[in-house]
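Q: Quick one: the structure is below, and I'll ask about it shortly.
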Amino acid sequence: MSGRENVAFLARVYGCDIRAAIDWVQDFAELDEYFEMPVNTYSAGMRARLAFAACLAIDFDVYLIDEVTEVGDERFRRKCAAAFRDRMQRSDIILVTHNSRTIRQYCDRGAVLVGGALRVFDDMDAALAQHRRALQELQ
């Protein structure tokens, strides 16, 4: 399936306006003529652009995002960060990342999974400290 067909499929599954979703993703992902080509011909970066754009094209109450700012070149990463901040104004986000700068930039609460137990922190410094301790114990 092409990028366009993938977006149309997702929009149908989630009951969204198909034309609006396609237009938004096509503009945001900047895939140009590749948007019409099979996704299995895309580079990893192109697939990441399509996936990120398709995710944000659909209004969810909660998003699960893995390494939000690590998509594409620096200019595109800034574009993703701006879109992500905008989406955070109206949706909740569960962000998975190893980048402490990204955590501090976007998060106001943290959770650390250690030995099958999830600890939730209201203070990001405490969450990051627990994460560092857990990593040290593994070494």
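Q: When you go through ARG47, ARG90, ARG75 one by one, which is the residue that is without any contact (Cβ under 8 Å) to a residue 24 or more places away in the chain, of a type in the set (Lys, Arg), within 30 Å of SER2 (Cβ to Cβ) and surrounded by fewer than 10 Cβ atoms within 10 Å (Cβ to Cβ)?
A: Details: ARG47 fails: surrounded by fewer than 10 Cβ atoms within 10 Å (Cβ to Cβ); ARG90 fails: without any contact (Cβ under 8 Å) to a residue 24 or more places away in the chain.
Only one candidate passes the filter, namely ARG75.
Q: Going by the conditions given, is ARG19 surrounded by fewer than 18 Cβ atoms within 10 Å (Cβ to Cβ) and in a helix (DSSP H, G or I)?
A: On the way: surrounded by fewer than 18 Cβ atoms within 10 Å (Cβ to Cβ): yes; in a helix (DSSP H, G or I): yes.
So ARG19 fits the description; yes.
Q: For region 54-106, what are the residues that are β-branched (Val, Ile, Thr) and in contact with a Ser or Thr (Cβ under 9 Å, 6 or more places away or on another chain)? So that I can check it myself, show each step before the final result.
A: Filtering region 54-106 down to residues β-branched (Val, Ile, Thr) leaves 58, 62, 65, 68-69, 71, 93-94, 96-97, 102-103.
Answer for region 54-106, where residues must be β-branched (Val, Ile, Thr) and in contact with a Ser or Thr (Cβ under 9 Å, 6 or more places away or on another chain): VAL62, ILE65, VAL68, THR69, THR97, THR102, ILE103.
Q: Can you tell me which of (1) modelled with pLDDT of 95 or more; (2) within 29 Å of ARG132 (Cα to Cα); (3) not hydrophobic (A, V, I, L, M, F, W, C) is the one ARG19 doesn't meet?
A: It is condition (2) that ARG19 fails.
Q: Let me ask another. Taking region 112-128 on its own, how many of its residues are exposed (fewer than 14 other Cβ atoms within 10 Å of the Cβ) and at negative phi? Quick ask: steps written out before the conclusion?
A: Looking only at region 112-128, we keep the residues that are exposed (fewer than 14 other Cβ atoms within 10 Å of the Cβ), and these are 113, 115-118, 120, 122-123, 125-126.
This time we only want the ones that are at negative phi, so: 113, 117-118, 120, 122-123, 125-126.
Number of matching residues: 8.
The values are calculated or read from the model by the stated rules, or taken from the named source; none is laboratory data. Please read these numbers as outputs of a predicted model, since none were measured by experiment. Neighbour counts are summed over all protein chains in view; Cβ atoms, including those assigned to glycine, are modelled from backbone coordinates with ideal geometry.
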